[in-house]
Amino acid sequence: MSESTVLTDVERGEFREHCRISSESCDVLPAGTASWSISKSTLRGGLSDGVDVVEIQHGDLSISVLPTRGMGIWKCDFRGTPIGWQSPVRLPVNPAFVNLKERGGLGWLNGFNELMCRCGLSFHGPPGMDGDAEVTLHGRIANLPAHKVVADVADDGTLSITGTVDECSLFGPALRLESTVSTRVDSNSLTIRDRITNLGGQPTEFEILYHTNFGRPFMEEGSQLAVPVGEIAPRDPHSASGLENWNRYAAPQAGIQEEAFFFDLQTDADGQTEVLLKNAAGDLGVSMAWQKSELPGLTLWKRPQAEADGYVTGLEPGTSLPNLKSFERDQGRLITLKPGESYECGFSMSVFDSEAAVSEAADRVAFRSSAEAVVHASPIEKYSPTV
């Protein structure tokens, strides 16, 4: 049994600026279940004016979802520990104030502050040209609002938000994202499950990358990243200079240049892979797990710059790598959807706040590392277009 509440439905003219569903007002879950709530509000003022925020909260975990920004996740909190990072862009930005073509196609960065935002759907990666078509940094989906948003409470303890976002253009791609963000009461995890559908009448290419970003307290001097590496290659010569310490993090340093690394990951017998970021003491960690068949690529982005500039690392699983679309097409990493065809993908994120729990997660990652890793000392042709 479940109970659904429509928060937004543009086609039917339904919109709730403020709404709260909770254990006090909903009896779907059994008596004695820990307190929980799903609440929706609309921010007013500044660049955040008109941004909808839906917060899922239970005893240990809170998740702030941004339907106005492509169903991205602004931030989370687990038992008082913040999950996310501190961008110079402090508050959510209404896409109406984001010009993607600004700064030579880097305008996407003017609204970038989420724990998780999607890159895609028609394209992602750096700005440039795809034949005669201009592409901007990381695509459009993170700056498109959902036109339908539904909250759902299920009797198995699952709390979820489902949003529908259309990335459509006349004489261009017509793609629909249906995204569900869910967690279970008293869980230390959240799950994102997406379905991308070609609404058009012709085959359409698509790609998606989950730009998932962490700062303190998970990233700090001495933090480490555990990855079941099958193959690793630096993105560029500068990143190659940091290859020896690719899985370790430094203290903030003003003006430092970013590094990026591309991976082919190992999996368990069920095809699942997992990565873990843990703090220096090893008593706090966050993991991401997904099916490699759905998201075969992983990009690691490291930017240990000054705190005021955004001390951050990105763990970015995707159907492709964040290169120009033309390069990814040449490498056979783009997906083509037939008219009406859909593709499903997503990941789960779990938070650990004890040395024992972090160690157990590290053991799971190590278990998947059954073969010796292939390490490339410099960029390679199949991953980096500059080679």
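Scanning the range 220-249 for residues that are part of a loop (DSSP other than H, G, I, E, B) and out of contact with any Ser or Thr (no Cβ under 9 Å at 6 or more places or on another chain) gives GLU220, GLU221, GLY222, SER241, GLY242, ASN247.
Being β-branched (Val, Ile, Thr), assigned to a loop (DSSP other than H, G, I, E, B) and open to solvent by less than 20 Å² (accessible area, probe 1.4 Å) is the filter here; which residues of the range 73-97 pass it? The one that is β-branched (Val, Ile, Thr), assigned to a loop (DSSP other than H, G, I, E, B) and open to solvent by less than 20 Å² (accessible area, probe 1.4 Å): VAL93.
Scanning the range 113-143 for residues that are in contact with a His (Cβ under 6 Å, 6 or more places away or on another chain), on the phi > 0 side of the Ramachandran plot and not in a strand (DSSP E or B) yields a count of 1. Taking the numbered list (1) touching a residue at least 40 places away in the same chain (Cβ under 8 Å); (2) open to solvent by 30 Å² or more (accessible area, probe 1.4 Å); (3) within 24 Å of TYR383 (Cβ to Cβ); (4) in contact with a Ser or Thr (Cβ under 6 Å, 6 or more places away or on another chain) in turn, GLY131 passes all entries but (4).
From the list ASP166, ASP186, exactly one residue is touching a His at 6+ places or on another chain (Cβ under 8 Å), on the phi > 0 side of the Ramachandran plot and not small (Gly, Ala, Ser). Which is it? Going through ASP166, ASP186 in turn, just one is touching a His at 6+ places or on another chain (Cβ under 8 Å), on the phi > 0 side of the Ramachandran plot and not small (Gly, Ala, Ser): ASP186. Mind listing whichever residues of the range 285-303 are surrounded by fewer than 23 Cβ atoms within 10 Å (Cβ to Cβ), touching a strand residue (DSSP E or B) at 6+ places or on another chain (Cβ under 7 Å) and more than 14 Å from ASN213 (Cα to Cα)? Answer for the range 285-303, where residues must be surrounded by fewer than 23 Cβ atoms within 10 Å (Cβ to Cβ), touching a strand residue (DSSP E or B) at 6+ places or on another chain (Cβ under 7 Å) and more than 14 Å from ASN213 (Cα to Cα): ALA289, GLN291, LYS292, GLU294, LEU295, GLY297. Of all the residues in the range 189-204, those that are open to solvent by 50 Å² or more (accessible area, probe 1.4 Å) and either within 28 Å of ASP353 (Cα to Cα) or in contact with a Ser or Thr (Cβ under 8 Å, 6 or more places away or on another chain) (or both) number 4.
Among the residues of the range 23-36, is any open to solvent by less than 60 Å² (accessible area, probe 1.4 Å), touching a Ser or Thr at 6+ places or on another chain (Cβ under 6 Å) and modelled with pLDDT under 95? The answer is yes; a qualifying residue exists. Within the range 101-121, the set of residues being farther than 19 Å from ILE192 by Cβ and crowded, with 22+ Cβ neighbours inside 10 Å comprises TRP108, GLY111.
Listed by position, the strands (runs of 3 or more DSSP E) contained in the range 304-365 that have at least 2 residues being open to solvent by 30 Å² or more (accessible area, probe 1.4 Å) are 335-337, 342-352.
Kindly evaluate ARG303 against the criterion of being over 20 Å from the mean Cα position of the chain (by Cα) and at negative phi. Considered against the rule, which asks whether it is over 20 Å from the mean Cα position of the chain (by Cα) and at negative phi, ARG303 comes out as no.
The values are calculated or read from the model by the stated rules, or taken from the named source; none is laboratory data. This is a predicted model, so every value here is computed, not measured. All Cβ positions, glycine included, derive from the backbone under ideal geometry; neighbour counts span all protein chains shown. In case anyone asks, the SASA skips ligands and DNA or RNA and just uses the protein heavy atoms, side chains included. Shrake-Rupley method; radii C 1.70, N 1.55, O 1.52, S 1.80 Å.
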